[in-house]
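Structure first, then comments.
The values are calculated or read from the model by the stated rules, or taken from the named source; none is laboratory data. Computed from a prediction, not measured in an experiment: that's the story for all the values here. Every residue, glycine as well, gets a Cβ built from its backbone with ideal geometry; the counts of neighbours run over all protein chains shown. For accessibility, only protein heavy atoms count, side chains too; no ligands or nucleic acids. Shrake-Rupley method; radii C 1.70, N 1.55, O 1.52, S 1.80 Å.
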Amino acid sequence: LYLVSDYYAYNDDDMPETRSKNATPDEVPVNCTYSVETPADSRFLVVSSVDTQNGAKALSTKSILGSADDVYCNQDYLYVNATEYETQDYNRVINSFASYYTPTNVRTQIVKFSLNDNLDAVASCYVKGEINNQYSLDEYNGNLRVATTSINEKNSFEVNNLYVLDPELNQIGAVEGFAKDES
């Protein structure tokens, strides 16, 4: 069983823990903790493989500092993404309902975990824009397809992007700036 959860660090020295029923908590080791490049908050995403045959014991646990927005999983890999906003650069967006400001520089970090005994983090990358939800990602023939929405920096409207990433999450294809004002 693969368990995905959040852990909020309320103090500077808080680290994610795993715990079996009525057992002493086990802190996630430092070498099993990762961080996004610019964490927006003190939340950890915690991924554990659990042996359900032997008393629901956590076999391996990894954590990522900086939160996670969505998770996409298939039989071999778990993909976790986190959106990063550059708050100093905003554009005014006007539509028929309201006027609001939205960040122009948005990117999403994707981290790929192998669903093996060690839950190895095997690759990571950034794509332009924000992922709408877990249905915005899928894997086909070993390549990850990612749909994002971003702001057209010149004209202040939403556009969409499609990226194709190889198994090491290197970009091998892209279509950017289509479907104006849709997400």
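Observations on the model:
- All positions within region 144-183 that are modelled with pLDDT of 90 or more and basic (Lys, Arg): ARG145
- Which numbered condition ILE131 fails, given (1) over 23 Å from LEU65 (Cβ atoms); (2) under 16 Å from the mean Cα position of the chain (by Cα); (3) of a type in the set (Val, Ile, Thr): (1)
- Selection of first residues in region 168-183 that are within 15 Å of TYR126 (Cα to Cα) and of second residues that are open to solvent by 80 Å² or more (accessible area, probe 1.4 Å) and modelled with pLDDT of 90 or more, restricted to Cβ pairs under 8 Å at least 6 apart or on distinct chains, gives the following pairs, ordered by first then second residue: GLU176/LYS128.
- On inspection, ASP89 qualifies as at pLDDT below 90, among the acidic types (Asp, Glu) and more than 30 Å from TYR2 (Cβ to Cβ).
- Where strands (runs of 3 or more DSSP E) sit wholly within region 101-146, those with at least 1 residues that are crowded, with 22+ Cβ neighbours inside 10 Å, of a type outside the set (Lys, Arg) and touching a Ser or Thr at 6+ places or on another chain (Cβ under 9 Å) occupy 106-114, 121-128.
- 1 or more residues at pLDDT below 80: qualifying strands (runs of 3 or more DSSP E) within region 1-85: 2-8, 33-35, 43-51, 57-65, 77-85
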